[in-house]
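Following: one structure in structure tokens, then a few remarks.
The values are calculated or read from the model by the stated rules, or taken from the named source; none is laboratory data. All values reported here derive from a predicted model rather than from experimental measurement. Heads up, the Cβs are rebuilt from the backbone with ideal geometry, glycines too, and the neighbour counts pull from every protein chain shown.
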Amino acid sequence: MKAILLVICASTITLADIPDYKFPDGFLFGAATASYQVEGGWNEDGKGENIWDRGLHDHADWVADNSNGDIACDSYHKYKEDVQLLKDLGVNYYRFSISWSRVLPTGKADQVNQAGIDYYNNLIDELLANGIEPYVTMFHWDLPQPLQDEGGWPERKLADYFVDYARVLFKNFGDRVKYWMTVNEITQICEGGYSGGTFAPFITNPGVGGYECTHTVLLAHGRTYRLYESDYKAEQNGQVGIAIDSSWHEPNNPDNESDQQASEVDMQMNYGWFVNPIVYGNYPDVMIERVKANSLAEGFPQSRLPEFTADEQEMMKGTFDFLGLNHYTSDKVYFADEGAGDHPSHWADTGVIGVIDPSWPGSASDWLKEVPWGINRLLVWIKNHYDNPPVVITENGFSDYGQLDDYDRADYYKRYLYEILKAINEEECNVIGYTAWSLMDNFEWMAGYTQRFGMHYVDFDDPDRPRTRKLSSYVYNNIITTRHVDWDYYPDWPPTQENKN
Ligand code: GBH
């Protein structure tokens, strides 16, 4: 069954008779980056230290190529060039993130760094002057170190600090920024940072840290949404969302009822965990039940999952104007006989094992296999569970080793975008935008510069960090300008002077 599906998928792209769907009017295209991954200027002009600065200065050898984001793409100095790349790409918006410690060096709102405000004002103005909307993530993982020294996200007072920070952003930039995302990928912030210890601040506290962190981040998100609603929305008239990441969890055997349930549980425990509170006000029932049952069995007097009060549930409910979805890949899931993972842990609470189909084409990243139909099923799942909310794909992309003729990335974009077109046209999914990760090669966290996601090549050995267009940038531009997927379109390669754009 799966083999047949794959054959159909692989062959569809050469069939002339598959529907040639168009992106609807108003559908927006963008490209994304994040502050720590591109800016550099880590200690320039009054920027404070954040947890990635600290973590990687202390543990250089934890990153694949012993690198860090001290200079990265040097976008702190080269933002005007970045805007020209975006312009040539033809995107409607640029999704970038603001470095909290560049704006508030201590993390707290009593000391605002004017040079940091100036940098983002310049970037925003340069974008608007070139007809590109700023699409801003307030927090893409780079927590000010002084707030980590107070305990970091598991401490509830972090929500207060975040709301204060958000107010500074609305005040300074809200006249021109109309699209906000509070945070990027709560899973990575919290499970990576405070449970598994795989991301800064590298704290290992499985089954507890990730839940406490998530609770604070969700409250910070909800309160920021409410702040905008009460104090800024009437005047600034923008939108506030959030970027949540999710793989698609396909039942290992689609006909097996237990595997179907495993898929549902996995989706609820890894996506509903964040989205259910934002849409409906509370964690999913299945999550509340599973974490409580495990906690009691482990000897905890109560559930390790924190509770929202009735007032908090009321506050949280409906705190989104759009749901941002970061999606890259899929897996196949089934229930683990003996449970999964050590206790306590979020994985053991979920109780599901995920495997990768060996037939799925790979990338430069072990975790990233190309499974285009996965995004279609995920979008349908979201439509069915949350009453067809407006969804913006806030990240989607493919890694290789940096070649300029990146046909695999170009094909990945074509296939995923076509599955999104099908979700819109055949399933009536309310998808309103698409963001390619990434505008350019950048600091890929623990993989350093060894895995490249860019539509532009960046030479990290050259102090000037020159950018060069890759083939995929032309293909993405073709999709944006023609508003459909042209399976036959590839630019002449290498590019000639005329078609260089
Ligand atoms: C996104 O996360 C991030 O938002 C973005 O900053 C990043 O550059 C982009 O993806 C590409 O990775 O190495 O086996 O431990 C996507 C979710 C979660 C995928 C962490 C990679 C690490 C797997 N990511 N995961 S592993």
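Taking Asp259 and the conditions (1) surrounded by 17 or more Cβ atoms within 10 Å (Cβ to Cβ); (2) touching a helix residue (DSSP H, G or I) at 6+ places or on another chain (Cβ under 9 Å), which numbered condition does it fall short on, given that it satisfies the others?
All conditions are met except number (2).
Going through Pro206, Pro154 one at a time, which residue ends up being within 16 Å of the ligand (Cβ to nearest atom) and under 18 Å from Pro306 (Cα atoms)?
It is Pro206.
Using the structure shown, decide if Asp400 is charged (D, E, K, R), out of contact with any Lys or Arg (no Cβ under 9 Å at 6 or more places or on another chain) and either under 15 Å from Phe453 (Cβ atoms) or at pLDDT below 95 (or both).
So Asp400 does not fit the description; no.
Would you check if there is a residue in segment 404-420 being surrounded by 22 or more Cβ atoms within 10 Å (Cβ to Cβ), among the acidic types (Asp, Glu) and under 19 Å from the mean Cα position of the chain (by Cα)?
No, every residue in segment 404-420 fails to be surrounded by 22 or more Cβ atoms within 10 Å (Cβ to Cβ), among the acidic types (Asp, Glu) and under 19 Å from the mean Cα position of the chain (by Cα).
In segment 267-279, is there at least one residue being more than 16 Å from the ligand (Cβ to nearest atom), over 25 Å from Asn396 (Cβ atoms) and at pLDDT 95 or above?
Checked segment 267-279: no residue is more than 16 Å from the ligand (Cβ to nearest atom), over 25 Å from Asn396 (Cβ atoms) and at pLDDT 95 or above.
What number goes with the only condition from (1) outside any helix (DSSP H, G or I); (2) of a type outside the set (A, V, I, L, M, F, W, C); (3) within 16 Å of the ligand (Cβ to nearest atom) that Tyr412 does not pass?
Against the list (1) outside any helix (DSSP H, G or I); (2) of a type outside the set (A, V, I, L, M, F, W, C); (3) within 16 Å of the ligand (Cβ to nearest atom), Tyr412 comes up short only on (1).
Filter segment 434-464 down to the residues that are farther than 30 Å from Ile424 by Cβ and β-branched (Val, Ile, Thr), then identify the one that is nearest to the ligand (Cβ to nearest atom).
Thr450
Do any residues in segment 354-368 that are without any contact (Cβ under 8 Å) to a residue 24 or more places away in the chain and assigned to a loop (DSSP other than H, G, I, E, B) have Cβ atoms under 9 Å from those of residues that are near the ligand (Cβ under 10 Å from one of its atoms) and among the aliphatic types (A, V, I, L, M), where the two are at least six apart or on different chains, and which pairs are they?
Gly362/Leu368
If a residue has to be touching a helix residue (DSSP H, G or I) at 6+ places or on another chain (Cβ under 8 Å) and either within 16 Å of Gly341 (Cβ to Cβ) or β-branched (Val, Ile, Thr) (or both) to count, how many in segment 285-304 make the cut?
Total satisfying the criteria: 6.
Please enumerate the residues belonging to segment 126-135 that are part of a loop (DSSP other than H, G, I, E, B) and buried (at least 19 other Cβ atoms within 10 Å of the Cβ).
Ile132
Within segment 361-380, can you find the residues that are of a type in the set (Phe, Trp, Tyr) and surrounded by 18 or more Cβ atoms within 10 Å (Cβ to Cβ)?
Trp373, the sole residue that qualifies.
Cβ-Cβ below 7 Å, separation at least six or inter-chain, first residue in segment 441-455 and farther than 14 Å from Gln403 by Cβ, second more than 10 Å from the ligand (Cβ to nearest atom) and of a type in the set (Phe, Trp, Tyr): which pairs?
Phe443/Tyr449; Met446/Trp62; Tyr449/Phe460
Given the structure, is Lys178 more than 19 Å from Gly41 (Cβ to Cβ), touching an Asp or Glu at 6+ places or on another chain (Cβ under 8 Å) and in contact (Cβ under 8 Å) with a residue 12 or more places away in the chain?
Yes.
Among the numbered criteria (1) more than 30 Å from Thr137 (Cα to Cα); (2) surrounded by 19 or more Cβ atoms within 10 Å (Cβ to Cβ), which single criterion is violated by Met287?
(1)
Identify, by number, the condition in (1) part of a helix (DSSP H, G or I); (2) touching a strand residue (DSSP E or B) at 6+ places or on another chain (Cβ under 8 Å); (3) of a type outside the set (Asp, Glu) that Trp52 doesn't meet.
Here Trp52 clears every test but (2).
Return the total of residues in segment 370-401 being part of a loop (DSSP other than H, G, I, E, B) and within 12 Å of the ligand (Cβ to nearest atom).
4
If we scan segment 416-433, do we find a residue that is under 26 Å from Asn384 (Cβ atoms), touching a Ser or Thr at 6+ places or on another chain (Cβ under 9 Å) and outside any loop (DSSP other than H, G, I, E, B)?
yes
Only one of Ala60, Ala115, Ala64, Ala72 is farther than 27 Å from Gly324 by Cα and touching a helix residue (DSSP H, G or I) at 6+ places or on another chain (Cβ under 7 Å). Can you tell me which?
Ala64
For a quick check of your reading of the model, give me the residue pairs whose first member lies in segment 136-151 and is part of a strand (DSSP E or B) and among the small types (Gly, Ala, Ser), whose second is away from the ligand (no atom under 14 Å from the Cβ) and modelled with pLDDT of 95 or more, with beta-carbon atoms closer than 7 Å and at least 6 apart or on different chains.
none
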